[in-house]
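J.: Handing you a structure now.
The values are calculated or read from the model by the stated rules, or taken from the named source; none is laboratory data. Because the structure is predicted, anything quoted here is derived from the model rather than measured. Cβ coordinates were reconstructed from backbone atoms using ideal geometry, including for glycine residues, and neighbour counts include every protein chain displayed. We work out accessible area using only protein heavy atoms, side chains counted, and drop any ligands, DNA or RNA first. Shrake-Rupley method; radii C 1.70, N 1.55, O 1.52, S 1.80 Å.
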Amino acid sequence: MRSLLPGILCLALVSCNTSPQNKKQTMSPTEEAMETGQDPHSYAKSNARVSHLNWIASVDFEAKQISAEAQWDITSEAGATDIFFDIYDLEIDSILVDGERVNYALSPMDHHLGQGLRIPIKETSKQVVIHYRTGDDARALQWLDPEQTADKSHPFLFTQSQAILARSWVPTQDSPGIRFTYNAKVSVPKDMIALMSASNPMERADDGTYKFEMPQAIPSYLLAMAVGNVRFEAISERTGVYAEPSLLDTSAYEFADLEKMVQAAEELYGPYAWGRYDLIVLPPSFPFGGMENPRLTFATPTILAGDRSLVSLVAHELAHSWSGNLVTNATWDDFWLNEGFTVYFEHRIMEAVYGREYSEMLASLTRDGLQEAAAEMLKEMPNDTKLKLDLEGRNPDDGVTSIPYDKGYFFLRLMEETVGRERFDEFLKNYFQGHKFEVMTTEEFISYLKENLLSEEEYASVRIDEWIYETGIPSNLPEVPSDRFAAVSAIVTSFMAEGELPSADVSNAWTTHEWLHFINSLPADISKEQLGVLDGAYGLSASGNSEISAAWFQPTIAAAYEPVYSKVESFLISVGRRKFLTPTYRALLDAGQEQMAKDIYAKARPNYHAVSRETMDALLGWE
Ligand code: BES
Ligand code: ZN
């Protein structure tokens, strides 16, 4: 169902170039209905595809606009008459095919997908050049004023393209199943540095012009750029960190184990394919913990705990250099292939670098979180608890839940436990190396499993189809025993029963993960007085660790423990990381504090990225 005859469907809303009265080429777009391609979240069709991008752009902080030229090399099959792109709120100035200006058509605006862009080509066409500017509603971009940064001296710009937001800053075939290489030349104000998901400068250029190369093919959700007053510090020969000057040393300290992590990952599943591996610490409004942009992971500053206790996030983003960036989910319905594999790989890197006891604490937190989330989701949206999702007609962001991540993780862990680590590691290594720079569907993965790993009995005992295609968490969910967590649970029990707390040397030796388990294990009926005792003993409301703060907000908000409110407010105003925002605002709503939630949101909203705003607007009924 595609290529609905443009001549018939032309709606003549703008100016209709195919109508007989309009023979002269006006270069203004036709509006016509368009169907999506194989990927329900992209208008791109498989018979005409992009292969390489040369992007020439200039970043204007005053106008909050990028003006650019996207020069696309294309390849097409015999008989192709058009090539389709995705755009969102882009102002197109002109389009040339092999140097000749052409007319083009746009589909009506769809809230999630934006617009399809149809450009007529010949079978022999080699290049499409699109001159354009980004709009005010460019959803990938966040333009920050100096006050929203760590140093408060320069503005900042960063992009977030996953899942389908690349189209709001580059006209592209925005499907994870379509890959291309790219070069870029970007001009920015002279006192700023531009960085991309590509080869990057280590120093500021006096003329404000930067050139980038990404010779490995990537899907467009991995296109990324950050522009700000950042500096670089090396961690090892091939790893390093970019941050604003005031955060640079702290960041280099926090990520000191980066090289060890890369080595551990390579030992597990084969060579790192991307050259350098660097991190950039972004301002706190970054809506995610991390984003696996190739060669340059984007990270939230909320992982700078000062004690390296939150670096599993770096292991996660690094792991994506194999799972996701090398072998990529074909569509967002197969998202668990990216994230479940990555959580599995993340735990394996953590185990290799910090030991099994440590990584099993992480796995135990993951398991508790999964069970809680799945129980909630089964009430409202049971179908989203399947590993294989059905996101057609929806925002692919709806699929970003614990399911692809943590149900995916436990599914892989179950297979590891079933066949043994040696066989499983061999299998995974071959999977990554045998499918690098390719896409993978859930169904192809299942066939690959049958052919390369599981016997019929093993396949049946894992209950593959139940894990992938059925709702909820199968009863063969692996257990994660942790003696250290068991000791913490016993302390919670005796505190609730007798009001007793252990001596300081016990709690002083706790890691962040034991604190998280402690807070998560507090029973729902804990009183505000009891919370006050814990706060007095351990200073939890004053914690500088973002994960501990966010966990602590749950029982304290539920019990209306007022001393935490000012901390909740300042946290929600300064941090834009959605993983923290959603549970904290929800806790306020559940505790009957709707007014407080809305008052805080009114102050905080201007600081949030569009991705977080979209979720919080819906949660809080914001209009
Ligand atoms: N790729 C994701 C972030 C993402 C997913 C952005 C879907 C947009 C759509 C990234 O790797 C991720 O999973 N980040 C997590 C980190 C965590 C699981 C350690 C996050 O941001 O919290
Ligand atoms: Zn991830």
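J.: Kindly establish whether residue 426 is out of contact with any helix residue (DSSP H, G or I) (no Cβ under 8 Å at 6 or more places or on another chain), of a type outside the set (Ser, Thr, Tyr) and closer than 22 Å to residue 359 by Cβ. Before the answer, list the steps.
T.: Values: out of contact with any helix residue (DSSP H, G or I) (no Cβ under 8 Å at 6 or more places or on another chain): yes; of a type outside the set (Ser, Thr, Tyr): yes; closer than 22 Å to residue 359 by Cβ: yes.
In short, yes.
J.: May I ask you to say which residue of 217, 205, 166, 198 is without any contact (Cβ under 8 Å) to a residue 24 or more places away in the chain, more than 21 Å from residue 301 (Cβ to Cβ) and hydrophobic (A, V, I, L, M, F, W, C)?
T.: Values: 217 fails: without any contact (Cβ under 8 Å) to a residue 24 or more places away in the chain; 166 fails: without any contact (Cβ under 8 Å) to a residue 24 or more places away in the chain; 198 fails: without any contact (Cβ under 8 Å) to a residue 24 or more places away in the chain.
One residue alone meets the criteria, 205.
J.: Filter the stretch 84-110 down to residues that are acidic (Asp, Glu) and part of a strand (DSSP E or B) and give me whichever is nearest to residue 52 (Cα to Cα).
T.: Kept after step one, since they are acidic (Asp, Glu), are these residues of the stretch 84-110: 86, 89, 91, 93, 98, 100, 110.
Cutting the leftovers down to part of a strand (DSSP E or B) gives us 86, 91, 93, 100, 110.
On the way: 86: 16, 91: 22, 93: 21, 100: 19, 110: 27 Å.
Only one residue fits best here, namely 86.
J.: Now a separate question. In the set 245, 189, which member is within 23 Å of residue 303 (Cα to Cα) and more than 24 Å from the chain's Cα centre (by Cα)? Can you show your working first?
T.: Values: 189 fails: within 23 Å of residue 303 (Cα to Cα).
On inspection, the qualifying residue turns out to be 245.
J.: I would also like to ask the following. What single numbered condition from (1) in contact with a Ser or Thr (Cβ under 7 Å, 6 or more places away or on another chain); (2) open to solvent by less than 30 Å² (accessible area, probe 1.4 Å); (3) more than 10 Å from ligand 1 (Cβ to nearest atom) fails to hold for residue 285?
T.: Checking residue 285 against (1) in contact with a Ser or Thr (Cβ under 7 Å, 6 or more places away or on another chain); (2) open to solvent by less than 30 Å² (accessible area, probe 1.4 Å); (3) more than 10 Å from ligand 1 (Cβ to nearest atom), the one that fails is (1).
J.: If we scan the stretch 209-230, do we find a residue that is more than 16 Å from ligand 1 (Cβ to nearest atom), assigned to a loop (DSSP other than H, G, I, E, B) and under 23 Å from the mean Cα position of the chain (by Cα)?
T.: Yes - at least one qualifying residue is present in the stretch 209-230.
J.: Restricting to the stretch 95-117, name every residue that is open to solvent by 40 Å² or more (accessible area, probe 1.4 Å) and in contact (Cβ under 8 Å) with a residue 60 or more places away in the chain.
T.: Within the stretch 95-117, 101, 108, 112 meet the criteria.
J.: Of everything in the stretch 354-391, what is loosely packed, with under 15 Cβ neighbours inside 10 Å and within 12 Å of ligand 1 (Cβ to nearest atom)? Give them in sequence order.
T.: none
J.: What number goes with the only condition from (1) of a type in the set (A, V, I, L, M, F, W, C); (2) under 15 Å from residue 195 (Cβ atoms); (3) touching a His at 6+ places or on another chain (Cβ under 7 Å) that residue 156 does not pass?
T.: (3)
J.: Can you find a residue that is part of a helix (DSSP H, G or I), crowded, with 24+ Cβ neighbours inside 10 Å and within 12 Å of ligand 1 (Cβ to nearest atom) anywhere in the stretch 319-331? Even if it seems obvious, please write down each step before you answer.
T.: Of the stretch 319-331, the ones part of a helix (DSSP H, G or I) are 319.
Okay, now just the ones that are also crowded, with 24+ Cβ neighbours inside 10 Å, so 319.
Applying the additional criterion that residues be within 12 Å of ligand 1 (Cβ to nearest atom) yields 319.
Checked the stretch 319-331: at least one residue is part of a helix (DSSP H, G or I), crowded, with 24+ Cβ neighbours inside 10 Å and within 12 Å of ligand 1 (Cβ to nearest atom).
J.: Residue 305 passes all but one of (1) within 11 Å of ligand 1 (Cβ to nearest atom); (2) closer than 22 Å to residue 612 by Cβ; which number fails?
T.: Every listed condition holds for residue 305 apart from (1).
J.: Go through (1) surrounded by fewer than 22 Cβ atoms within 10 Å (Cβ to Cβ); (2) within 10 Å of ligand 1 (Cβ to nearest atom) one by one and return the number of the condition residue 316 breaks.
T.: (1)
J.: Based on what the data block shows, is residue 416 touching a Phe, Trp or Tyr at 6+ places or on another chain (Cβ under 6 Å) and open to solvent by 20 Å² or more (accessible area, probe 1.4 Å)? Can you show your working first?
T.: Values: touching a Phe, Trp or Tyr at 6+ places or on another chain (Cβ under 6 Å): yes; open to solvent by 20 Å² or more (accessible area, probe 1.4 Å): yes.
It is true that residue 416 is touching a Phe, Trp or Tyr at 6+ places or on another chain (Cβ under 6 Å) and open to solvent by 20 Å² or more (accessible area, probe 1.4 Å).
J.: Within the stretch 123-140, take every residue that is out of contact with any strand residue (DSSP E or B) (no Cβ under 8 Å at 6 or more places or on another chain) and open to solvent by 60 Å² or more (accessible area, probe 1.4 Å) and give me the one that is nearest to residue 612 (Cα to Cα).
T.: Here the answer is 137.
J.: With respect to residue 275, is the statement that it is over 21 Å from residue 416 (Cα atoms), out of contact with any helix residue (DSSP H, G or I) (no Cβ under 9 Å at 6 or more places or on another chain) and either open to solvent by 10 Å² or more (accessible area, probe 1.4 Å) or at pLDDT below 95 (or both) true?
T.: On the way: over 21 Å from residue 416 (Cα atoms): yes; out of contact with any helix residue (DSSP H, G or I) (no Cβ under 9 Å at 6 or more places or on another chain): yes; either open to solvent by 10 Å² or more (accessible area, probe 1.4 Å) or at pLDDT below 95 (or both): yes.
So residue 275 passes the test.
J.: Out of 346, 351, I need the residue that is within 16 Å of ligand 1 (Cβ to nearest atom), surrounded by 21 or more Cβ atoms within 10 Å (Cβ to Cβ), of a type in the set (D, E, K, R) and closer than 19 Å to residue 323 by Cα. Which one? Full working, then the answer.
T.: On the way: 351 fails: surrounded by 21 or more Cβ atoms within 10 Å (Cβ to Cβ).
Being within 16 Å of ligand 1 (Cβ to nearest atom), surrounded by 21 or more Cβ atoms within 10 Å (Cβ to Cβ), of a type in the set (D, E, K, R) and closer than 19 Å to residue 323 by Cα holds for just one of 346, 351, which is 346.
J.: Now, a different point. Working only within the stretch 577-623, note down all residues that are touching a Lys or Arg at 6+ places or on another chain (Cβ under 9 Å) and closer than 21 Å to residue 290 by Cβ.
T.: Across the stretch 577-623, the qualifying residues are 608, 609, 610, 611, 612, 613, 614, 615, 616.
J.: Now, a different point. Scanning the stretch 162-221 for residues that are open to solvent by 20 Å² or more (accessible area, probe 1.4 Å) and polar (S, T, N, Q), which turns out nearest to residue 75 (Cα to Cα)?
T.: The selected residue is 181.
J.: If you don't mind, there's one more thing I want to ask. Evaluate the following for residue 319: is it within 16 Å of ligand 2 (Cβ to nearest atom) and in contact with an Asp or Glu (Cβ under 6 Å, 6 or more places away or on another chain)?
T.: yes
J.: Looking at 556, 615, 582, which is the one that is under 24 Å from residue 156 (Cα atoms) and not aliphatic (A, V, I, L, M)?
T.: Numbers: 556 fails: under 24 Å from residue 156 (Cα atoms); 582 fails: under 24 Å from residue 156 (Cα atoms).
Step by step, each of 556, 615, 582 is checked, and only 615 is under 24 Å from residue 156 (Cα atoms) and not aliphatic (A, V, I, L, M).
J.: Here's something else I'd like to know. For residue 524, state whether it is surrounded by fewer than 18 Cβ atoms within 10 Å (Cβ to Cβ), modelled with pLDDT of 95 or more and not in a loop (DSSP other than H, G, I, E, B).
T.: Details: surrounded by fewer than 18 Cβ atoms within 10 Å (Cβ to Cβ): yes; modelled with pLDDT of 95 or more: yes; not in a loop (DSSP other than H, G, I, E, B): no.
Considered against the rule, which asks whether it is surrounded by fewer than 18 Cβ atoms within 10 Å (Cβ to Cβ), modelled with pLDDT of 95 or more and not in a loop (DSSP other than H, G, I, E, B), residue 524 comes out as no.
J.: Among the residues of the stretch 288-305, is there at least one that is within 16 Å of ligand 2 (Cβ to nearest atom), assigned to a loop (DSSP other than H, G, I, E, B) and touching a Pro at 6+ places or on another chain (Cβ under 6 Å)?
T.: no
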